[in-house]
Amino acid sequence: MDDIEKALLKDLPDAKELNALLRLSDVKKFYWDTDNYVRSAILEERCVVIKDRSALKGIMIMENRAPQRGYTHRSLAIGSLAVHPKYRNEGFGIKLVEYAKELGFNKNLRLYSESFSEYKKINFYQSLGFKRGASRLYNGKPYHVFFLDPRNIPAFPKSKTIQVSDRLEYLFYLKEMSVIPSDVTFENLFVYNSPSRRISLSLLNGNVIITVKRDDDVALYPIVGVNQLDKTVLQCMYWLSRNSNNGRFIRFPLSTAFSLQPTTKVSLRIQKERDHFDYLYDPRLLTFFNHPKLRTQKQNLMRFLEKNPSEKHLTPSMRRDIKDFKDSWMDHYTLLQKRRGKPVSERLVEEYQAITKALVYQRSLDLHVGGIYLSDRLQGFSVIEFFNKTAYVHFEKATRKKGAYQAVVQQEGRSALEQGARVINREQDLGMPGLRTSKMRYNPIGFLEKCKILQPPAKNLKRL
């Protein structure tokens with residue numbers, strides 16, 4: 001259902017009809033809905049569609065561009081992109097563009113897209129990681145040019161600020177890892193990147209190096225990849241010793257650190273980071289609450305369910321509800337801290353900003369957002385990423401109404417089962433006693449333990 005497939009000649013009439021939606025009356029020699037253009041694309045397997053039984057929901061035609069045609073790179077272009085009005089705002093346009101991005105990544109081709117200004121697609125393409133190039137003319141009619149380089153992470157020690165356009169390249173390395181802490185999921189890195197917490201990427205020995213900077217403090221997140229880890233760790237530690245007084249790896253999986261060669265570990269200082277252990281749960285347990293330790297939570301849930309709440313997944317109206325929910329939550333917290341004479345927690349401000357960013361880029365990041373409603377009022381929501389058979393719960397909020405939080409947790413468990421996830425990672429407790437107690441109440445099946453890798457005396461490090 002809703003899979004992308006190559007168009008067939010029997011789709012030609014519907015394909016031409018969809019592309020005709022792009023026609024502008026003042027564009028001379030508009031050819032994107034002509035029989036020759038669409039038929040050639042189908043025969044050359046450059047046309048892909050999303051179908052609803054026999055009807056087409058969306059269509060994309062790709063074109064190969066050569067340098068001699070005025071392009072500086074051999075490239076792939078989105079020649080036309082159209083979604084049936086009945087199915088707009090459901091993410092099908094994004095799904096088609098992501099397909100083109102993956103094709104460009106696999107072939108290492110720059111991806112272009114061109115759009116007349118009347119289509120109003122500037123925000124659409126920029127939210128998907130495209131950069132805006134110089135405008136051009138087609139028979140006197142101006143149009144926008146957007147481009148995306150699929151492999152753009154530089155070689156270490158050079159680096160680049162993380163951008164949504166890096167997602168495919170980053171996931172190429174991430175999928176090789178058997179142990180993936182929540183800190184290094186692309187979505188977490190991207191939404192938490194900010195002027196106060198600058199996150200950048202580079203490549204070393206076939207791995208991604210993640211640099212995190214706060215003011216003058218420099219740290220590295222776990223190495224993303226599986227190639228020459230011992231050598232890569234030592235090279236990074238040498239670089240840190242030359243560029244930072246307190247440089248270190250943080251959030252490093254303890255199992256990965258212990259798997260390093262003895263000759264590597266002897267020159268390192270490894271310390272557990274208990275406050276950053278990820279909590280792991282069985283999706284079935286959080287769906288059915290059928291464990292004796294969850295008896296109280298199940299009672300609260302059952303009372304709440306008697307009120308006939310409804311579950312929803314992200315819609316434009318729900319997006320507004322979540323914005324109002326988090327704004328009200330933040331205003332209440334800020335006022336409470338002011339009355340207590342205490343400052344607002346920097347962590348909560350960062351989380352607030354990260355939720356905002358996650359909602360803006362939700363479809364580009366393939367995030368699953370679910371909400372619980374009572375009488376059309378939002379009672380709670382969660383933001384989840386699915387990767388490598390794991391459901392990563394990046395954000396979850398609920399009202400104080402008894403049972404609302406349990407309903408959000410149950411929705412997370414049910415979504416995880418539907419997506420085939422074997423485990424739910426509900427991230428760390430950050431050393432907050434209340435949060436730790438709450439996470440322990442839901443009977444975790446284990447922890448993803450993490451550690452710091454600290455700089456040894458500089459004389460113990462050799463340049464590799």
How many residues are surrounded by 19 or more Cβ atoms within 10 Å (Cβ to Cβ), over 18 Å from A391 (Cβ atoms) and touching a strand residue (DSSP E or B) at 6+ places or on another chain (Cβ under 7 Å) when one looks only at region 270-308?
-> 1
Hey, can you tell me all the residues within region 447-463 that are at pLDDT 95 or above, in contact with a Lys or Arg (Cβ under 8 Å, 6 or more places away or on another chain) and assigned to a strand (DSSP E or B)?
-> K450, C451, K452, I453
Can we say K298 is closer than 30 Å to N152 by Cβ and touching a residue at least 60 places away in the same chain (Cβ under 8 Å)?
-> no
State which residue is farthest from N139 (Cα to Cα) when the search covers only region 80-125 and only residues that are in contact with a Pro (Cβ under 9 Å, 6 or more places away or on another chain) and buried (at least 19 other Cβ atoms within 10 Å of the Cβ).
-> F105
Every residue from region 179-193 that is of a type outside the set (S, T, N, Q) and farther than 21 Å from D275 by Cβ = F186, E187, F190
Breaking point among (1) at pLDDT below 95; (2) over 24 Å from L280 (Cβ atoms), for Y373 | (1)
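The values are calculated or read from the model by the stated rules, or taken from the named source; none is laboratory data. Computed from a predicted structure; not experimentally measured. For neighbour counting, all protein chains shown are included, and Cβ atoms are generated from backbone atoms with ideal geometry for every residue, glycine included.
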